[in-house]
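Colleague: Below is one structure. I have some questions about it.
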Amino acid sequence: MIYMSHCALYSSATPETAGFITYTVPEQDFSLTLTQEAHQIVRSAGWLTTRKAIEAALTDALTNPHGELSIDQYKDTDAGRTARTVHRLPAAIEERLGLPVAVKGTGLDVVRSIQMGLGSRANLTDQFHFMHRLYAAQQKYHPGGIGGVLSVNRPLGLIKHSSNRPGQHTQEWLLMDRVVDAQPVEEMGICMTSGDIELAFDAHKYPDLAAIADPYGIFRDDDILFEDLATKVGEQLAPDIFSWELGDVVGHNILAQQRPDGRNTYILIDAQPNR
Ligand SMILES: Nc1ncnc2c1ncn2[C@@H]1O[C@H](COP(=O)(O)OP(=O)(O)OP(=O)(O)O)[C@@H](O)[C@H]1O
Ligand SMILES: [Mg+2]
């Protein structure tokens, strides 16, 4: 069982986390950090009831990682089986909060995941901070979405507590908006002249993404590399500085939602700083 009682509250103030609210229970090695927006949502929904319901949902996610609340479309792959869990919150909590919520948890089998070269996914703290920066930049510079169609998914909070799974000291949970009725953008492997395989998308199938990646229409008839999309998204989100070099802006991290007019809107659910 995860406990959230007897919380100490403080508000952190580095530029990245300005406005974040953190509750900690040091004796249980527990912390919950919420963005300002999420804090307001939880307060309006009723703090005590919400936190108890989330606590129960996380306990359930730990015991039932691939159960009916799992929303990982790749849960049958190695990464889905070992590296992470992605769940939705039970309908009653979502109704109370007034929004759909996804919870990504690290580490189902960290030892095996590392052996398979999939990484430990133990870094949801960095992902939370980075996605928050991207989300804030998109809201500031492109409130209607980049190119009117591409938005950054909103992170809500991060929960950390100790774990007694082998190879894992801390269990992390990233809470974020849950994207509903969406499909990952299709990826194709393109063999480059160097012999490397790069991921690309079909410009005809995703013309609005093509227009972002290739605003002058130079490659418009071809398959477009996700790397080119990542470059343009990085420029659009950081117009005041050089640009952000984004990694992992690939099809499985971009969910497409079909609008009534048949066109898609796109939500970037996951990105990393390019190392
Ligand atoms: N916010 C969300 N809303 C809806 N579905 C989600 C959300 N976040 C994750 N998912 C589902 O879970 C899958 C895995 O999530 P995600 O890509 O974030 O995991 P990951 O461990 O970071 O994987 P990778 O590093 O390979 O990208 C997604 O492809 C999607 O199906
Ligand atoms: Mg991902």
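The values are calculated or read from the model by the stated rules, or taken from the named source; none is laboratory data. Computed from a predicted model, the values in this text were never measured in an experiment. Here the Cβ positions follow ideal geometry from the backbone for every residue, glycine too, while neighbour counts run over all protein chains shown. Please note that ligands, DNA and RNA were not included when accessible areas were found on the heavy atoms of the full protein model with its side chains. Shrake-Rupley method; radii C 1.70, N 1.55, O 1.52, S 1.80 Å.
This table checks each residue for (1) farther than 22 Å from residue 153 by Cβ; (2) of a type in the set (Phe, Trp, Tyr); (3) touching a strand residue (DSSP E or B) at 6+ places or on another chain (Cβ under 9 Å); (4) exposed (fewer than 14 other Cβ atoms within 10 Å of the Cβ).
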position	(1), (2), (3), (4)
25	yes, no, yes, no
35	no, no, yes, no
58	no, no, yes, no
62	yes, no, yes, no
68	yes, no, no, yes
71	no, no, yes, no
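Colleague: Related question: Evaluate segment 73-94: report whether one residue or more is modelled with pLDDT of 95 or more, in a loop (DSSP other than H, G, I, E, B) and of a type in the set (Ser, Thr, Tyr).
Modeller: No, that holds for no residue.
Colleague: Also: List every residue pair whose Cβ atoms sit under 7 Å apart, with the two residues 6 or more apart in sequence or on different chains, where the first one lies in segment 264-275 and is farther than 23 Å from residue 204 by Cα and at pLDDT below 95 and the second, anywhere, is within 13 Å of ligand 1 (Cβ to nearest atom) and open to solvent by 50 Å² or more (accessible area, probe 1.4 Å).
Modeller: Between residues of segment 264-275 that are farther than 23 Å from residue 204 by Cα and at pLDDT below 95 and residues that are within 13 Å of ligand 1 (Cβ to nearest atom) and open to solvent by 50 Å² or more (accessible area, probe 1.4 Å), the close pairs are 270/248; 271/248; 272/248.
Colleague: Continuing with the same structure: Give segment 259-275 a look and list any residue that's over 21 Å from residue 133 (Cβ atoms) and within 14 Å of ligand 1 (Cβ to nearest atom), or say none.
Modeller: To start, the set of residues in segment 259-275 that are over 21 Å from residue 133 (Cβ atoms) comprises 259-265.
Matches in segment 259-275: 265 only.
Colleague: Which one is nearest to residue 185 (Cα to Cα), of the residues in segment 197-219 that are open to solvent by 10 Å² or more (accessible area, probe 1.4 Å) and in a strand (DSSP E or B)?
Modeller: Taking the candidates together, the pick is 202.
Colleague: Contact list please: Cβ distance under 8 Å, first residue in segment 192-217 and without any contact (Cβ under 8 Å) to a residue 12 or more places away in the chain, second residue in a strand (DSSP E or B) and open to solvent by 10 Å² or more (accessible area, probe 1.4 Å), pairs at least six apart or on different chains.
Modeller: 192/198; 197/189; 197/190; 197/191
Colleague: For segment 220-269, enumerate the residues that are in a loop (DSSP other than H, G, I, E, B), within 16 Å of ligand 2 (Cβ to nearest atom) and either crowded, with 20+ Cβ neighbours inside 10 Å or of a type in the set (Lys, Arg) (or both).
Modeller: 249, 250, 269
Colleague: Give the number of residues within segment 164-192 that are touching a helix residue (DSSP H, G or I) at 6+ places or on another chain (Cβ under 9 Å) and either at positive phi or assigned to a loop (DSSP other than H, G, I, E, B) (or both).
Modeller: Counting residues in segment 164-192 that are touching a helix residue (DSSP H, G or I) at 6+ places or on another chain (Cβ under 9 Å) and either at positive phi or assigned to a loop (DSSP other than H, G, I, E, B) (or both) gives 8.
Colleague: Can you report the number of residues in segment 249-270 which are more than 15 Å from residue 213 (Cβ to Cβ) and touching a helix residue (DSSP H, G or I) at 6+ places or on another chain (Cβ under 8 Å)?
Modeller: 3
Colleague: Give segment 155-177 a look and list any residue that's modelled with pLDDT of 90 or more and open to solvent by 40 Å² or more (accessible area, probe 1.4 Å), or say none.
Modeller: 160 - this is the single residue of segment 155-177 that is modelled with pLDDT of 90 or more and open to solvent by 40 Å² or more (accessible area, probe 1.4 Å).
Colleague: Which pairs do you get when a residue that is more than 10 Å from residue 174 (Cβ to Cβ) and touching a residue at least 60 places away in the same chain (Cβ under 8 Å), found in segment 126-137, comes within reach of a residue that is open to solvent by 20 Å² or more (accessible area, probe 1.4 Å) and part of a helix (DSSP H, G or I), reach meaning Cβ atoms under 7 angstrom, with the pair 6+ apart or on two chains?
Modeller: That search, which allows pairs on different chains as well, returns 129/16; 133/16.
Colleague: Another question about this same structure. Residues of segment 204-225 being of a type in the set (Val, Ile, Thr) and at pLDDT 90 or above, which ones? If you could, list the steps in order and put the result at the bottom.
Modeller: The initial filter retains those residues of segment 204-225 that are of a type in the set (Val, Ile, Thr), namely 212, 218, 224.
The answer is 212, 224.
Colleague: Follow-up. I need the full set of residues from segment 185-196 which are of a type in the set (Val, Ile, Thr) and open to solvent by 30 Å² or more (accessible area, probe 1.4 Å), in order please. Quick ask: steps written out before the conclusion?
Modeller: The initial filter retains those residues of segment 185-196 that are of a type in the set (Val, Ile, Thr), namely 185, 190, 193.
Hits for segment 185-196 are 190, 193.
Colleague: Is it true that some residue in segment 129-148 is part of a loop (DSSP other than H, G, I, E, B), open to solvent by less than 20 Å² (accessible area, probe 1.4 Å) and at pLDDT below 95?
Modeller: Among the residues of segment 129-148, not one is part of a loop (DSSP other than H, G, I, E, B), open to solvent by less than 20 Å² (accessible area, probe 1.4 Å) and at pLDDT below 95, which makes the answer no.
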